[in-house]
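**Q** Okay, here's the structure, questions in a sec.
Quick note: the coordinates plus some simple rules give every number you see, no bench work behind them. Bear in mind the structure is a predicted one, so any value in this text is a computation, not a measurement. Glycine also receives a Cβ, built like all others from the backbone with ideal geometry; neighbour counts cover every protein chain displayed.
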Amino acid sequence: MSHFEFEHLSFFALLPLVICFYKCPSVIKKTIFPHTRFFGKRTSLINKEKLLNSLIFTLLLSALAKPVSYDAKIANNRKGRDLVFVLDTSGSMNESGYSKEENDLGKFDILKNLIGAFITKRHDDNVGVCVFGTFAFCSVPLTYDTEAVRFLLRFLEVGIAGESTAIGDGLWSALDSLAKGDAKEKVILLLTDGYQNSGAHSIAQAVERAKKTKTKIYTVGIGEKSDYDANLLDKIAQQTHAKSFQAKNAKELEAVYEELDTLEPSPIRSQGYLNRHELFTFALAAAFLLLLFLLHKKART
């Protein structure tokens, strides 16, 4: 489907200047008529010369406003950050009652829904998802396609990586994913409701690697502080110049995402086009032809 738009609509703010062709004559001529026969019998209601001048001016403004037609817009010149979610999929994340409004849903399902809503606001970020349980893996590689991330989130479930809690492996997997990205700013968002009790990599190893790559690790403890290692999560965030949060319920988790949106704002995405066609030449050509016609008419008179 073809679309049409002006890239620089602000030029049309000059359109009211057309009035000057009618109300702002450059020279006031004084003419004395010695006889009434010098007056025309009929006066034209439309001044053709002024109308032509108005049309030429409007066409020139249209050319400056840069009309284009295109099939679809695409994002380009992205300057956001690489952002990877690290999600705990251990057995405890299946507990229900985390949300009063959706009491039948487990913590992990609510977590996925809120992540889906959050990433729709990440206009210019490269987003990925890693999960951990007994082991860890990257389930969604870094991508700008947030719709694809939301779609793939549906297939993640509790126990997909085992029943234990390998936080260190989860962070390590996220750092591997971030190493493939090109953004200068790299961020990990770790969400867990447990204690480290499994895995090949320690949390200390992952934090040291994050510090070397200047990667921030925001941590979110799900549930009461007694449910997870609150002191450890605070330490992880502090050492990577980030922040730690507690989310006892779904509303608090939603508030965490809102605060993260202000702490790590996403730049506005610039736009490109598919099958783009510049149309300003048509407006310029029409203005040029009308100008030639006007000059020809004046030459004859």
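**Q** Taking R0 as 41 Å, what's the FRET efficiency between HIS241 and PHE288 from their Cβ-Cβ distance, rounded to 0.05?
**A** Numbers: r = 59 Å, r/R0 = 1.45.
Between HIS241 and PHE288 the formula returns 0.10.
**Q** What's the ranking of 150-162, 52-64 by average number of surrounding C-beta atoms within 10 Å, highest first?
**A** On the way: 150-162: 16.1, 52-64: 18.4.
With the highest mean Cβ count within 10 Å placed first, the list reads 52-64, 150-162.
**Q** Points 7 angstrom from Cα along the Cβ direction at GLU278 and CYS20: gap in nanometres?
**A** Modelled inter-label distance: 2.7 nm.
**Q** Same structure again: Let me know the shape class of segment 78-263, please: from the alpha-carbon gyration tensor, a ≥ b ≥ c as square roots of the eigenvalues, rounded when a/c is under 1.5, otherwise prolate if a/b is greater than b/c, or oblate. Write out the running numbers ahead of the final one.
**A** Numbers: a/c = 1.37, a/b = 1.13, b/c = 1.21.
Cα axes put segment 78-263 in the rounded bin.
**Q** Take each complete run of DSSP H in the chain, measure how far its Cα atoms stretch along the helix's own axis, and keep only those covering 15 Å or more with mean Kyte-Doolittle hydropathy at least 1.0; list them.
**A** Working: long enough: 48-64 (24 Å, 1.09); 107-119 (18 Å, 1.02); 167-178 (17 Å, 0.62); 250-263 (20 Å, -0.30); 280-300 (30 Å, 1.46).
Membrane-span-like by this criterion, though nothing is claimed about a membrane: 48-64, 107-119, 280-300.
**Q** Turning to a different aspect of this structure: Add +1 for every Lys or Arg and -1 for every Asp or Glu among the other residues with Cβ under 15 Å from the Cβ of ASP229, and state the total. Mind dumping the intermediate values first?
**A** Working: positive: LYS225, LYS235; negative: ASP88, ASP193, GLU224, ASP227, ASP234.
Result for the local shell: -3.
**Q** Here is a further query. Looking only at Cα atoms, what is the convex hull volume of segment 80-165 per residue, in Å³? Intermediate results must be reported in sequence, preceding the final value.
**A** On the way: hull volume 7.1 nm³, N = 86.
For segment 80-165, the hull spanned by Cα atoms encloses 82 Å³ per residue.
**Q** Run the numbers for LEU51 and ALA255: contour at 0.36 nm per residue of separation, minus the present Cα-Cα distance, in nm. Walk me through the numbers on the way to the answer.
**A** Numbers: separation 204, 0.36 × 204 = 73.44 nm, distance 5.93 nm.
Full extension from LEU51 to ALA255 adds 67.5 nm.
**Q** Follow-up question, since we're still on this one. Just to confirm my numbers, what's the Cα centroid distance between segment 183-224 and segment 89-133 in Å?
**A** Rounded to whole Å, the Cα centres lie 17 Å apart.
**Q** Which of the peptides 279-290, 232-243 is most tightly packed, and how do the rest follow, judged by the mean count of other Cβ atoms within 10 Å per residue?
**A** Numbers: 279-290: 14.8, 232-243: 18.4.
Listed from highest to lowest mean packing, they are 232-243, 279-290.
**Q** Then there is this: When only C-alpha pairs under 8 Å and at least 6 residues apart count, what is the relative contact order of the chain, in percent?
**A** Numbers: 545 pairs, mean separation 69.4, N = 301.
The normalised contact order for the chain reaches 23 percent.
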